[in-house]
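Peer 1: I have a structure here, written as structure tokens, and I will follow up with some questions on it.
Only the coordinates and a few stated rules stand behind these numbers; no lab work does. If you're wondering where the values come from, they're calculated on a predicted model, not measured in any experiment. Cβ placement follows ideal geometry from the backbone for every residue including glycine, while neighbour counts extend to all protein chains displayed.
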Amino acid sequence: MDGRGVPLSFVVAGANQHDVTQLDPVLQTIMVKRKTPSTRRSKHLCADAGYQGRPALEIIESHGYIPHVVDRGKEADAKRRDPAKKARRWVVEVCHSWGNRFRKLLARYEKLERSLVALNHIAAAIIAFRKVSLKIRIIYG
């Protein structure tokens, strides 16, 4: 997801697979390619403590990102020291919450993987569309 919580890519996998095993496929399937940043700005990837292992950090760096892997305890301590600091994990949690509003995706009713992937693409497109600022007022149904 980007800084606003808009999903950039996702991978459908079984519930018995850990998130770290899906890191490389997720980074390979990013739909919105970003220009190579100037030397002043770099691409950053924020992750939780599950991605602290060397293989995960090597995958993150091989895709050109600077890894920021912090566990929740350290993030909570930093928040207590500086209350103005926003927790980075919130962005991920809010995107999961937006995805949970699509009831058909919350409880998986689809038997075929391709159907589930298609529904997730539609949900991601709706979430991205809602984040675009428009000059006219649209009522979502």
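Peer 1: Determine the sum of side-chain charges near residue 128: Lys and Arg each +1, Asp and Glu each -1, restricted to other residues whose C-beta is under 11 angstrom from that of residue 128.
Peer 2: Taking every Cβ under 11 Å from that of residue 128, the sum is +2.
Peer 1: Follow-up question, since we're still on this one. Pull up all non-local amide H partners of residue 45: gap of 5 or more, or a different chain, and H-to-H distance under 5 Å with H placed in the peptide plane.
Peer 2: 66, 68
Peer 1: Also: How much length is gained if the chain between residue 104 and residue 84 is pulled fully straight, taking 0.36 nm per residue apart and subtracting their Cα-Cα distance, in nm to one decimal?
Peer 2: Full extension from residue 104 to residue 84 adds 3.5 nm.
Peer 1: Another question, then. Where Lys and Arg each count +1 and Asp and Glu each count -1, what net charge lies around residue 13 among other residues with Cβ under 15 Å from its Cβ?
Peer 2: Combined, the nearby Lys, Arg, Asp and Glu give -2.
Peer 1: Give me the extension gain from residue 132 to residue 69: residue separation times 0.36 nm, minus the current Cα-Cα distance, reported in nm with one decimal.
Peer 2: Between residue 132 and residue 69, full extension yields an extra 19.8 nm.
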